[in-house]
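The values are calculated or read from the model by the stated rules, or taken from the named source; none is laboratory data. The model shown is predicted, which means the values in this text are computed figures rather than measured ones. Quick reminder, even Gly has a Cβ in these numbers, built from the backbone with ideal geometry, and neighbours come from all protein chains shown. What goes into the accessible areas is simple: the full protein's heavy atoms, side chains included, and nothing from ligands, DNA or RNA. Shrake-Rupley method; radii C 1.70, N 1.55, O 1.52, S 1.80 Å.
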Amino acid sequence: MSIKDVFSLSEGTEVTIRGWVYRKRELRDKIFLVIRDGSGIIQTVVDKSNQQVAGVASKLNIESSVVLTGTVRREPRAPGGSEIHVRRIDWYYVGEAFPINEDAAKADSEYLLDVRHLWIRSRRMWAVLRVRHTVFGAIHEFFRSRGYYEVQGPMFVSAAVEGGATLFPVKYFDKEGVYLTQSSQFYLEVMIYALEKVYTIAPSFRAEPSRTRRHLTEFWHAEAEEAWLQFDGLLNLLEDLITHVVDKVLEERQDELKLLNRDVKVLENVKPPFYRVSYDEAIGILQGKGLKIKWGDDIGADEERVLTLQFDKPILLHHFPEQVKAFYHRNDPAKPETTLSVDVLAPEGYGEVIGGGERIYDYEELLSKIKRFGLRPEDYDWYLDLRRFGSVPHAGFGLGIDRLVMWICGLDHIRDAVPFPRDIRRIKP
Ligand code: 4AD
Ligand code: MG
């Protein structure tokens, strides 16, 4: 049975559990084995008078696997208030001494990444993976409950969505100009003409040349696109999505958040409305804080950090100037030097987790912006086609799921939000 279910059983019940040795401590007359499985950890006690069982127990290493049977005892001093008194060890696999060394990890920040295939068993990774599971499930649940269809775009593509600088070229037989996708957005825009409201959860790839706390070369992207959706509706949708995901994590993952030392007060505060801050206001705030930034500059990680430390809830930062947002963003007719664009910034210094906005739906407007941005219309022929046949106003967004998990878990680095992080130096394990 699952370890987590043992704690609700009464004294004396016989149970069989399967798992791995998490800790081992040997006394004169007893051996304590703390066993973990996918659901939790429990202390077990082997009495040395049971020689056969004690013989096996003394051979077991940290991370040896074991199936054991015993009786439940209430024990206030044991974690969770119960322990198992072992009567039989039914199966075991000793293996070699587990090689992870906490001192090496302190000395070398890359060490735990080198042994990630083994470190994945740590309590920290266990907790993060379970939060991640809840986050992915909550995103699916949110979209499906609101009538969005799940769709899939291709990963091999032939043009940039988010600018040429971070495109990953792929050797694709004898073809030139093949890349890994940076975003499924354009394919979602295609699919709204069949389904109106669509979403996808898929990897996206960026050839990010620098290692930062919040960039991976491969990340998980939740994207949605909706016909007829306009800017205000989009802002409400983003608030509702983030609120739903955070609520779900608070509901299902209290133990994991505690294990990660996450202050849940900040998460409990995540309720609509979020702060709505225009780009213009943000520039004012940042200048007031002494930053050298002027209208028209991009708001990068450092500026986002300063900004989000001022707020105790996520921020909807909107109306970026045309020149800092990709060509497909629709300019605001009421203020054409700006776009109907929005980034959601997570508080506490974390910054951007979502980018989105209204899309240009008029053919001539899109064509002239593609040219104004120095791009080649022929690279976007099918994307332009969407504006030739029954085009509709629409909006959408992309959520960086790994960044969201990083913030929800309160992690210092995005690499710890992902089981197998990829960056400029690392493609192993
Ligand atoms: O802001 P971005 O570049 O927007 C797009 O890709 C749009 N086409 C999405 C859309 O509207 N459908 O990326 C969206 C989000 C960012 O806010 C960030 O959370 C995440 O994707 N992201 C990354 N996460 C980890 N590592 C990277 N290198 C990331 N680049 C973007
Ligand atoms: Mg962005």
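Looking at (1) in contact with a strand residue (DSSP E or B) (Cβ under 9 Å, 6 or more places away or on another chain); (2) crowded, with 23+ Cβ neighbours inside 10 Å, find the lone condition where Cys409 falls short.
Result: Cys409 fails condition (1) only.
Would you tally the residues in segment 390-428 being under 23 Å from His117 (Cα atoms), under 18 Å from the mean Cα position of the chain (by Cα) and more than 16 Å from ligand 2 (Cβ to nearest atom)?
15
Here's a check for you: in segment 323-372, which residue that is among the aromatic types (Phe, Trp, Tyr) and within 16 Å of ligand 2 (Cβ to nearest atom) is nearest to Phe186 (Cα to Cα)?
Tyr328
So Ser64 fits all but one of (1) under 26 Å from Glu252 (Cα atoms); (2) crowded, with 20+ Cβ neighbours inside 10 Å; what number is the exception?
(1)
Inspect all residues belonging to segment 288-302 and state whether any of them is out of contact with any Phe, Trp or Tyr (no Cβ under 6 Å at 6 or more places or on another chain), aromatic (Phe, Trp, Tyr) and more than 25 Å from Gly396 (Cα to Cα).
Within segment 288-302, one or more residues are out of contact with any Phe, Trp or Tyr (no Cβ under 6 Å at 6 or more places or on another chain), aromatic (Phe, Trp, Tyr) and more than 25 Å from Gly396 (Cα to Cα).
Regarding Glu239, is this residue closer than 29 Å to Tyr361 by Cβ, out of contact with any Gly (no Cβ under 9 Å at 6 or more places or on another chain) and without any contact (Cβ under 8 Å) to a residue 60 or more places away in the chain?
Spelling it out, it is not the case that Glu239 is closer than 29 Å to Tyr361 by Cβ, out of contact with any Gly (no Cβ under 9 Å at 6 or more places or on another chain) and without any contact (Cβ under 8 Å) to a residue 60 or more places away in the chain.
Tally up the residues in segment 331-346 that are more than 12 Å from ligand 1 (Cβ to nearest atom) and touching a Leu at 6+ places or on another chain (Cβ under 8 Å), please.
Residues in segment 331-346 being more than 12 Å from ligand 1 (Cβ to nearest atom) and touching a Leu at 6+ places or on another chain (Cβ under 8 Å): 2 in total.
All but one of (1) away from ligand 1 (no atom under 16 Å from the Cβ); (2) in contact (Cβ under 8 Å) with a residue 24 or more places away in the chain; (3) more than 23 Å from the chain's Cα centre (by Cα) hold for Pro377; which doesn't?
The number of the failed condition is (2).
Among the residues in segment 191-205, are any within 16 Å of ligand 2 (Cβ to nearest atom) and either polar (S, T, N, Q) or in the same structural domain as Phe142 (by TED's automatic domain parsing) (or both)?
Just the residues of segment 191-205 that are within 16 Å of ligand 2 (Cβ to nearest atom), to begin with: 204-205.
The next check asks that each one be either polar (S, T, N, Q) or in the same structural domain as Phe142 (by TED's automatic domain parsing) (or both); those that pass are 204-205.
Yes - at least one qualifying residue is present in segment 191-205.
State which residue is surrounded by the most Cβ atoms within 10 Å (Cβ to Cβ) when the search covers only segment 71-123 and only residues that are at pLDDT 95 or above and β-branched (Val, Ile, Thr).
Ranking the qualifying residues of segment 71-123, first place goes to Ile84.
Could you check how many residues of segment 143-168 are away from ligand 1 (no atom under 16 Å from the Cβ), surrounded by 13 or more Cβ atoms within 10 Å (Cβ to Cβ) and assigned to a helix (DSSP H, G or I)?
Residues meeting the conditions: 0.
For segment 6-15, name all the residues that are open to solvent by less than 60 Å² (accessible area, probe 1.4 Å) and either free of Cβ contacts under 8 Å to residues at least 60 places away in the same chain or farther than 21 Å from Ala127 by Cα (or both). Steps first, please.
We begin by selecting, within segment 6-15, every residue open to solvent by less than 60 Å² (accessible area, probe 1.4 Å); these are 6-7, 9, 12-13, 15.
Matches in segment 6-15: Leu9, Gly12, Thr13, Val15.
Out of the helices (runs of 4 or more DSSP H) lying entirely within segment 243-317, which hold 2 or more residues that are touching a residue at least 60 places away in the same chain (Cβ under 8 Å), at negative phi and touching a Lys or Arg at 6+ places or on another chain (Cβ under 7 Å)?
Fully inside segment 243-317 and qualifying: 254-259.
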